[in-house]
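Notes follow once the structure below has been shown.
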Amino acid sequence: LTGKIPEDFRNKVKDEIENFFQPVLQQKINLSELALVGEAKDGNFYVIRQMPLALKT
């Protein structure tokens with residue numbers, strides 16, 4: 001996570017992120033849980049709610 005990225009630097013950051021994550025983005029990813037998180041005033045993150053993901057059958 002980051003603060004605001006200057007507009008003239010955004011394309012470079014986007015390109016770098018895409019290059020870094022390209023190998024992972026080509027793989028199938030299975031998620032079993034999803035968490036909603038918040039940021040405390042001290043900058044630390046905490047879990048608000050964590051829920052399992054499941055298909056209804």
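Please treat every number below as a calculation from the coordinates, not as lab data. Keep in mind that what you see is a predicted model, and the values were worked out from it rather than measured. Note that we place each Cβ from the backbone using ideal geometry, even for glycine, and neighbour counts take in every protein chain shown.
How many residues are in a loop (DSSP other than H, G, I, E, B) and either surrounded by 10 or more Cβ atoms within 10 Å (Cβ to Cβ) or hydroxyl-bearing (Ser, Thr, Tyr) (or both) when one looks only at region 1-39? Before you say what the answer is, go through the steps one by one.
Filtering region 1-39 down to residues in a loop (DSSP other than H, G, I, E, B) leaves 1-6, 26-32.
Among the residues that remain, those that are also either surrounded by 10 or more Cβ atoms within 10 Å (Cβ to Cβ) or hydroxyl-bearing (Ser, Thr, Tyr) (or both) are: 2, 5, 32.
Matching residues across region 1-39 total 3.
Taking each residue of region 27-47 that is more than 22 Å from Gly3 (Cβ to Cβ) and free of Cβ contacts under 8 Å to residues at least 40 places away in the same chain and looking for partners that are part of a strand (DSSP E or B) and among the small types (Gly, Ala, Ser) with beta-carbon atoms closer than 6 Å, six or more apart or interchain, yields Val47/Ala35.
Selection of first residues in region 1-20 that are free of Cβ contacts under 8 Å to residues at least 40 places away in the same chain and of second residues that are part of a helix (DSSP H, G or I) and aliphatic (A, V, I, L, M), restricted to Cβ pairs under 7 Å at least 6 apart or on distinct chains, gives the following pairs, ordered by first then second residue: Ile5/Val13.
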